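Peer 1: My structure is below; once you've seen it, I'll send some questions.
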Amino acid sequence: MAQINLNLKNNANILKKQRRDQWIKLNVGGTVFLTTKMTLSHDANSFLFRLIQDDKDLKTDRDESGAFLIDRDPKYFAPILNFLRHGKLVLDGLEEEGVLEEAEFYNVTKMILLLKEKIAKRDSSSQDKKRVYRVLQFQENELTQMVSTLSDGWRFEQLINISQYTYCADDFPEYLCVVSKECTTRSNNESNDRAWLLQLKSRMNIP
């Protein structure tokens with residue numbers, strides 16, 4: 001009976017040691033990350049996978065706690081570790097280029113492809129957009145009505161008093177109002193812009 005209890009105790013100790021061995025500490029730029037071998041094994045081509053395989057060609061050092069020392073930015077490492085955990089691209093406001101730089105260093109192949117696609121899509125979208133500006137002339141008593149009609153993405157930019165340059169009937173100063181709107185292409189939005197301006201002029205009785 002004593003022998004059986006000893007064997008059970010030894011087996012339990014072995015299992016505990018195996019579970020401990022599954023956990024890995026990484027000291028990235030002074031910040032310690034705790035993860036598992038399973039997580040780091042999700043990309044067999046990555047630097048991190050080679051790290052836990054004790055690759056002899058990979059020169060690595062450890063700190064006093066036994067964590068692997070990696071001289072990289074910890075801020076950009078968190079999205080990489082999370083991607084290996086669940087396969088989703090979560091940047092938390094970080095620049096795509098910065099995360100891509102780190103993903104390429106660690107050679108996380110799927111993440112590299114997703115980031116390049118995201119950057120290409122972002123750049124393509126920004127190139128298609130432009131801001132269109134329009135200038136409206138009106139009198140002071142029409143200001144409130146003009147502001148209330150701003151809609152569909154139009155934004156107030158600037159108000160210029162031109163009374164000193166023009167004749168103002170009924171003692172109402174005249175203004176130029178600059179408004180703007182972000183459009184994808186001129187061809188798709190020009191007709192809508194003109195319609196809005198005509199509608200605004202008709203409401204305000206502007207000739």
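Peer 1: Sequence-distant or interchain residues sharing an amide H contact under 5 Å with T36, placed H: which?
Peer 2: Residues meeting the amide H criterion: I24.
Peer 1: Give me a comma-separated list of calculated 3J(HN,Hα) values for region 140-146, in order, Karplus coefficients 6.51, -1.76, 1.60 applied at θ = phi - 60°, integers in Hz, x for any Gly or Pro.
Peer 2: Using θ = phi - 60°, the values come out as 4, 5, 9, 4, 4, 5, 5 Hz.
Peer 1: In addition: Which entries of K88/K121; K88/K116; K75/K121; K37/K118; K25/K118; K59/K118 show an alpha-carbon separation above 21 angstrom in the structure shown?
Peer 2: Over 21 Å Cα-Cα: K75/K121; K37/K118; K25/K118; K59/K118.
Bear in mind these aren't lab numbers, they're just calculated from the coordinates by the rules spelled out. No experiment lies behind these values; they were computed from the predicted model shown.
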